[in-house]
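Coordinate-derived values only; no laboratory data. Since this is a predicted model, take the numbers as computed values, not measurements. FYI the Cβ positions are ideal-geometry reconstructions off the backbone, even for glycines, and counts take in every protein chain you see.
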Amino acid sequence: RAVSQLSQSSGSLSQLTLEAGRGGASSHDTLCSELLGVLRRCFTLRAEVKLTLYHGLSDVVAKNPELCESVLELLYSHTVSLVAEGEVQLDRCVAEVEGGWEVVEPAGWFLHCTQLLVSRGQQLLGEDSTEILDRLVELLHNMAEYYSDRSAGDLGFEDTDNYDRKTA
């Protein structure tokens with residue numbers, strides 16, 4: 001199901017690929033822009049699609065280092081919607097579904113992916129780091145500072161409770 005959602009969101013790519021095959025550099029830029037748009041739309045799909053995206057982004061950048069900056073911009077825009085003042089917004093990560101709770105944003109995998117790509121960006125860009133890379137580094141640092149001295153109770157959880165899918 002997750003793959004079919006992704007393919008539905010990228011239906012116009014086959015025509016664009018044909019046009020890019022005939023054209024030059026501008027067609028290549030158009031194709032890259034369209035692909036980044038498809039990836040951006042993945043953030044609005046089911047958690048399984050997002051998880052697939054997070055697993056694949058570091059592989060894509062490893063094989064295509066020139067995409068690193070664009071992927072970092074993509075991750076930064078999603079990070080801004082997920083993290084406020086150094087804290088992950090849990091109400092954007094889980095939702096109540098049919099009496100139980102379901103993950104709608106695999107935030108742990110997203111943050112893992114972001115950290116991997118920030119490290120890769122630092123290696124690739126070195127001292128020529130971009131504003132987006134610097135913002136992501138600062139954001140990850142602030143999150144580490146925020147969560148480093150928090151207990152479960154500080155985050156709104158009861159230390160003695162047992163949590164499962166039925167626990168609100």
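In this calculation the C-beta distance from Leu67 to His112 is compared with R0 = 30 Å, giving a FRET efficiency of 0.95.
Computed extension gain for Val38 through Val104, at 0.36 nm per residue and net of the alpha carbon distance, reaches 21.9 nm. Of the Cα atoms belonging to the range 54-101, the radius of gyration and Dmax stand at 14.8, 45 Å. The convex hull defined by the C-alpha atoms of the range 84-168 has an orientation-averaged projected area of 6.6 nm². Ranked by the mean number of other Cβ atoms within 10 Å of their residues, highest first, the peptides 136-149, 32-45 fall in the order 32-45, 136-149.
Extension gain, Gln123-Val80: 0.36 nm per intervening residue step, less the Cα-Cα distance, totals 13.1 nm. Each peptide in 78-90, 104-116 gets a packing score, the mean of other Cβ atoms within 10 Å over its residues, and the list from highest to lowest is 104-116, 78-90.
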